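No value in this document is a laboratory result; all are computed from the given coordinates. All figures in this text were calculated on a predicted structure; none of them were measured in a lab. Glycine also receives a Cβ, built like all others from the backbone with ideal geometry; neighbour counts cover every protein chain displayed.
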Amino acid sequence: MKNQIEDNINIPWQVEKFEEQEKLSRSVYFDVDDFEEVIDFYVYRGKYNRALKVSDYALRVHEGALPLLLKKAQLLATLNREDRALELLAEVEGMEPSNSDIFLTKGAIYSQLRNYEKAIEEYKKALEDAEEPDFVYINIAFEYENLGNFSKTIEYLGKALELNPDNDLAIYEAAYCFDLLSLTEESIAFFQKLIDRHPYSIEAWFNLGVSYINAGLYEKALEAFDYSLAIDEDHEHSYFHKGYALSLLNRFNEALEAYKQSLAENETDAMKFYYIGECYEKMEDYTNASDYYHKATRLDPTVVDAWMGIGVCELETGNPRKALRYLERGIELDPENPGYLCLLADAYITSGDMDKGMATFEKALESDPSDEETWFEYAEAQWHSEKREEAILVAIRALDALPDNNTLRYRLAAYLFLSGKANQATFFMEEALVKNFEGHAQLLETFPALAENSSFMNLVDLYRNQ
């Protein structure tokens, strides 16, 4: 009822007059602009056939009026009558062969037909007298993107920004393409060039900061975000990404400050609450971490990482059975994620259900048998549960699945040495030392008891001197 009242309030007078004349069967004069208002009213409400009938009537009153002909062509295309729309536009083009609106409409129709090359051809014709050529360049860029030609996409987005450095659509589409192609250095150069020409572009500084994050240059990212915030102190995305960069630098207190400033600008984004929770978790403040994870799930129950985060907090505070409830909820949303399944397996083992824990590790491996971390965690879980033979078997299976993984080879050798199986261990240890001699140092850090194992140390000394 409320929506109906609002619709009535928002009905333009032209629509009221038009509908009144239909009811009373009398003629009222409307100019071209008035008819456009009526047509647009029906289009916005999804009444395309009704809008088309109005356009036909309008063209009987204003025969040959270009704006009305273009409206009709657009409506025909919307109603999947593209061929008729193109026929109509061909007639109009004969009347006004240099009108950019005709070419823009044809380009949109060809794009709808997935004839992207033809769409590009029409859009290029529109460039000659277009009122907003930067948006025409963006349309061309989108068609190249549809063709999978991202280098051309970036080229035409660059042309759009040469004409209008404030075109945020072009900036964000360029950032998307660079990210999609992992062209980090090119992305940095692109936005630096844009800033040289337009130093007060907030979005250019912001996307330069994101590019620096992708390049692992977190300090430079912070500088870029500070510049964007100097231009607009309320730019929430800059605060958020500044927080992210600070967290990557392990500057968690500063990260929290930036995240919370972003939250002050917009409190409806569940992911902001999640990242604040993650920050607290890394600071081992599990109470606050859990609180923010819970807030994230209340805003959006599909944020899997938040459910898993609550589970981790419960595990870390000695509540494995409570943790299971949250971890299982997260895995319901993403049942094939090996990392999540490993967390669940650890929780089962910690709560005393060894069989379920090991079965969950197996499920994780079914999901992704090439996941190195799953193999390591599974083998370690067996080893620390005093199931040494099972740990050795898991390590052998892991090496079969990932034969080029020398860290797994070292791990298997360690299990064998520490289980008193020096002969078998020597075979794998020699292979590991040949492939990467320095890897034995990390093994000693993980298993310091190996320093007392003469067979192990003799092999290390032998290969050190080769």
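Ranked for footprinting exposure by Cβ neighbours inside 10 Å, fewest first, S370, S211 give S370, S211. By the helix-only formula, in which each DSSP H run with n ≥ 4 contributes -39500 (n - 2.57) and the sum is divided by residues, the chain has a 222 nm mean residue ellipticity of -24500 deg cm²/dmol. When +1 charges are put on Lys and Arg Cβ atoms and -1 charges on Asp and Glu Cβ atoms, the dipole computed for the chain relative to its Cα centre reaches about 1080 debye. With the cut-off at 1.5 for a/c, could you classify region 320-466 from its C-alpha gyration tensor as rounded, prolate or oblate? It comes out prolate by the Cα gyration axes. Relative to the longest principal axis of the C-alpha atoms of the chain, give the angle of the C-alpha long axis of helix 454-464, reported between 0 and 90° and rounded to the nearest 10°. That works out to roughly 60 degrees.
3J(HN,Hα) along region 283-291, derived from phi through the Karplus expression 6.51 cos²θ - 1.76 cosθ + 1.60 where θ = phi - 60°, amounts to 8, 6, 9, 6, 5, 5, 4, 4, 4 Hz, with x in place of Gly and Pro. Sort out for me the Cα centre separation of region 96-174 from region 274-347, rounded to whole Å. That distance is 45 Å.
Karplus-derived 3J(HN,Hα) values for region 66-83, using 6.51 cos²θ - 1.76 cosθ + 1.60 with θ = phi - 60°, are 4, x, 6, 5, 5, 4, 5, 4, 5, 5, 4, 5, 4, 8, 6, 10, 4, 4 Hz; glycine and proline are entered as x.
Listed from fewest to most Cβ neighbours within 10 Å, the set I120, I140 follows the order I120, I140. Cβ crowding within 10 Å, taken as a proxy for footprinting-reagent exposure, orders L180, L86 from fewest neighbours to most as L180, L86. Simple point charges give the picture: +1 on the Cβ of Lys and Arg, -1 on the Cβ of Asp and Glu, and for region 1-97 a dipole about the Cα centre of about 480 debye. Prolate is the label for the chain, because the ratio a/c of its alpha-carbon gyration tensor axes (a ≥ b ≥ c) is 1.5 or higher and a/b is greater than b/c.
For region 15-93 versus region 425-466, the inter-centroid distance based on Cα atoms is 82 Å. Which shape class applies to region 404-466: rounded if a/c is under 1.5, otherwise prolate when a/b exceeds b/c and oblate if not, where a ≥ b ≥ c are the square roots of the Cα gyration tensor eigenvalues? Cα axes put region 404-466 in the rounded bin. Have a look at Y116, A65, L217 and report the one farthest towards the positive end of the charge dipole of the chain, computed about the Cα centre with Cβ charges (Lys/Arg +1, Asp/Glu -1). Projecting each Cα onto the dipole axis, the largest value belongs to Y116. The angle between the Cα long axis of helix 32-44 and the longest principal axis of the Cα atoms of the chain comes to about 30 degrees, rounded to the nearest 10. Between M308, V32, N99, the Cα set farthest toward the positive side of the dipole of the chain (charges on each charged residue's Cβ, about the Cα centre) is that of M308.
With 25 Å as the limit, the listed pairs K72/K152; K106/K159; K193/K260 have K72/K152; K193/K260 beyond it between alpha carbons.
Axis of helix 100-112 versus longest Cα principal axis of the chain: the two differ by about 50°, to the nearest ten degrees.
What the phi angles of region 302-308 give under the Karplus curve with 6.51, -1.76 and 1.60, with θ = phi - 60°, is a coupling list of 9, 6, 4, 4, 5, 4, 5 Hz, glycine and proline written as x.
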